[in-house]
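Laboratory data are not the source of any read-out in this text; all were calculated from the coordinates shown. Please read these numbers as outputs of a predicted model, since none were measured by experiment. Glycine gets a Cβ as well: all are built from the backbone with ideal geometry, and neighbour counts include every protein chain shown.
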Amino acid sequence: MTGGVLVSFLGWFLAVAAVVKGSLFLFAYLNNQVFPQPLSEAEEKRYLKELREGSEEARNILVERNLRLVAHVVRKYESTGEDMEDLISIGTIGLIKGIKTFDNEKGVKLATYVARCVENEVLMHLRNLKKKKTEVSIYDPIGYDKEGNEIALIDILAEDNE
């Protein structure tokens with residue numbers, strides 16, 4: 001593997017590991033309704049500074065300590081019919097992306113910024129699901145012929161071409 005591919009793979013792997021870890025915290029939340037306490041303002045600043053210096057540990061702590069925020073934001077989407085665990089996992093991906101792209105110099109608090117990232121990630125997922133529900137495969141059955149055999153759209157299209 002080349003260095004760039006390895007770094008890319010490691011970044012992807014760490015993101016997946018953080019989501020899995022987030023899912024474990026979700027499981028703990030659903031069973032005990034307990035997430036790690038949010039960071040104090042001073043701790044948050046310290047970990048953000050360490051993150052800018054490249055600390056993966058700081059990134060992981062920021063993710064873990066903001067999982068409560070993910071659960072809070074995702075709670076708005078309970079009525080969508082989607083599994084809450086899935087939504088929290090997707091929200092955790094938004095949290096990771098938000099922490100990765102957060103710029104402390106813009107004057108916005110981390111919680112405000114990542115809450116929007118979490119919400120955007122969940123909304124993108126819900127929109128994607130909506131698109132998939134309206135897609136129809138040409139191989140899906142659309143009816144039956146006189147003998148009771150299923151007819152698919154591909155069968156009708158093939159007959160038109162002949």
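A few remarks follow.
- Simple spin-label estimate for Thr101 and Ala152 in nanometres, 7 Å along Cα-Cβ: 3.9 nm
- Candidate aspartates and glutamates for bridging to Lys106, where Cα separation is under 17 Å - those fewer than 8 sequence places away on the same chain excluded: Glu41, Glu44
- Label point at Ala42 placed 7 Å out along Cα→Cβ; residues across the stretch 79-117 whose backbone nitrogen lies under 19 Å: 110
- Distance violations [Cα-Cα > 28 Å] among Lys97/Lys130; Lys97/Lys132; Lys49/Lys130; Lys76/Lys109: Lys49/Lys130
- 5 angstrom amide H check on Ile142, placed H, neighbours 5+ away: Ile151, Ala152, Leu153
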